[in-house]
1. Out of the stretch 374-383, which residues are assigned to a loop (DSSP other than H, G, I, E, B) and either among the hydroxyl-bearing types (S, T, Y) or surrounded by 10 or more Cβ atoms within 10 Å (Cβ to Cβ) (or both)?
2. Right, A417: farther than 12 Å from Y265 by Cβ, modelled with pLDDT under 90, within 21 Å of the chain's Cα centre (by Cα) and among the hydrophobic types (A, V, I, L, M, F, W, C) or not?
3. Return yes or no: is L276 closer than 24 Å to P425 by Cα, at pLDDT 85 or above and outside any loop (DSSP other than H, G, I, E, B)?
4. Test E226 against the stated conditions and say whether it is crowded, with 19+ Cβ neighbours inside 10 Å and at pLDDT below 85.
5. For the stretch 90-108, indicate whether the set of residues that are farther than 23 Å from S147 by Cβ and either at pLDDT below 95 or among the charged types (D, E, K, R) (or both) is non-empty.
6. Got a number for residues in the stretch 53-76 being under 23 Å from S136 (Cα atoms) and either among the aliphatic types (A, V, I, L, M) or part of a strand (DSSP E or B) (or both)?
7. Identify all residues within the stretch 8-52 that are assigned to a helix (DSSP H, G or I) and in contact with a Leu (Cβ under 6 Å, 6 or more places away or on another chain); write none if there are none.
Amino acid sequence: MPWLVQLKQLVEKKPIVVLRFGDDEWWHLQESRRGISEFTFARPHGLLDCVKAPTPCLFQGSGEDCQQHLYFGLIASRNPVTTLESHIKVRRVVQIQPNSEAELCRLITEVPHAKNLKDRLQDGASVVPLSPKLSSHLLERLVSIESNRGGMRTVAESLSTPKYFRGNAALQEDAVRTALMAFGLAPDHQAKSLELAAGRETALGRVGIKEDSVIEHDARSFPGYELVQSGQTGRAIFESKGEQLEIFTANRRDLEEVFGVDLIYLNMTKQNIVMLQYKMLEASRKDAADTDWIYRPDDQLKEQIAKMQKFTVDHAPGQQEYRLNTSVFYLKFVKRDGSIRNGSIITPLDHFEKLLVSPVCQGPRGGLRVSYESLSGRYLRQNAFLDLLRSGYIGAYAETTSHMKVLVEQVLCSNRAVVAAIQRPVAID
């Protein structure tokens, strides 16, 4: 488990911290906007001298069932807020086993860790830092409980969220963020439920979750979509305003061996489907302020376009249907090493084909110059693209959308990573 190795390396430098809250504090935390999944609190500076963010934390409290539970989360930041106190932010909180500090002590039996933990927990302080070696051993014992692995994995993987376009993990991260924003949610919105395939890398390992709503499955027996079978790496469900968004990630090969990530967005409510394919822009001159950004068509480009065109079938609209553009395929150009939060350029496939032969867009050594200037305003920014997607004004008509299964199978057979998002009304029991 690479994520466990990463977590152990962290706590050996920044040890685990045990937090304690009074009854009144706990009630207010539970009643806060995100409950105990993500919250802030303040403590005197002296209690936090040994706390170094980011680092994992443990705390106990009563759940909705009025029983005591143990929680594992991440102290994300520590900043002075007054002359006397520091502000602490805790996020990515998940419920774990065992259920209390007392049971935690019984879990640790190896000498000298057992005595070390017992002695430290006897301290009545509201902030109790553990030692590096004890922290590492404690992680191993907690992960030995199978039900803890999924939640603790999301805490660990949130530490390595990509910030720049430097490989496939960043592209998949952006695809998941795009799906959430198309649904009208913030990129850090909490999932109602999350399922992860053990041993498979997925951007869904970094989505926000509720306390006990994550499960990790053996990758060979991952339940769910028959479309993706053992290629599925994760699935998350989000809800908002009577609608449900289901995101799943899948791949045929390890992400580090794959170049590019595709996003398929299927809106069952508006019966439209859009597919977004990423293209990486390279700097033509690294030593100039006016660097051109170039997309260099590879040998697979013609094959990729041919596959897209195969599914570019313009069926007749239904009686109440309307689209500004019925194209299914869009290309999203991002700058290598550019920030994920920065702008991008999005074009429909048919426009991209025109750019390939446009003299204005011809770059050095057969490259395609893609910039706001070379396109003269003929492109979509991400917000405009998301607005059109969310409203159902772009994407295929319902009859074409009904062929979603065939489309997804074709993408998976091309040995590329894929992110698919399906929006539908919430089923009422």
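1. First pass over the stretch 374-383, keeping only residues assigned to a loop (DSSP other than H, G, I, E, B): 374-379, 381.
Scanning the stretch 374-383 gives S374, L375, S376, R378, Y379, R381.
2. Values: farther than 12 Å from Y265 by Cβ: yes; modelled with pLDDT under 90: yes; within 21 Å of the chain's Cα centre (by Cα): yes; among the hydrophobic types (A, V, I, L, M, F, W, C): yes.
Yes; evaluated as a whole, the condition is true for this residue.
3. It is true that L276 is closer than 24 Å to P425 by Cα, at pLDDT 85 or above and outside any loop (DSSP other than H, G, I, E, B).
4. Working: crowded, with 19+ Cβ neighbours inside 10 Å: no; at pLDDT below 85: yes.
No.
5. Going through the stretch 90-108, the residues farther than 23 Å from S147 by Cβ turn out to be none.
The answer is no; no qualifying residue exists.
6. Step one: of the stretch 53-76, the residues under 23 Å from S136 (Cα atoms) are 53-60, 69-76.
If we keep only those that are either among the aliphatic types (A, V, I, L, M) or part of a strand (DSSP E or B) (or both) as well, we get 53, 55-60, 69-76.
Qualifying residue count for the region: 15.
7. To start, the set of residues in the stretch 8-52 that are assigned to a helix (DSSP H, G or I) comprises 8-11, 23-31, 35-37, 45-48.
Matches in the stretch 8-52: K8, I36.
The values are calculated or read from the model by the stated rules, or taken from the named source; none is laboratory data. This one's a predicted model, so the numbers in the text were calculated from it and none came from an experiment. Every residue, glycine as well, gets a Cβ built from its backbone with ideal geometry; the counts of neighbours run over all protein chains shown.
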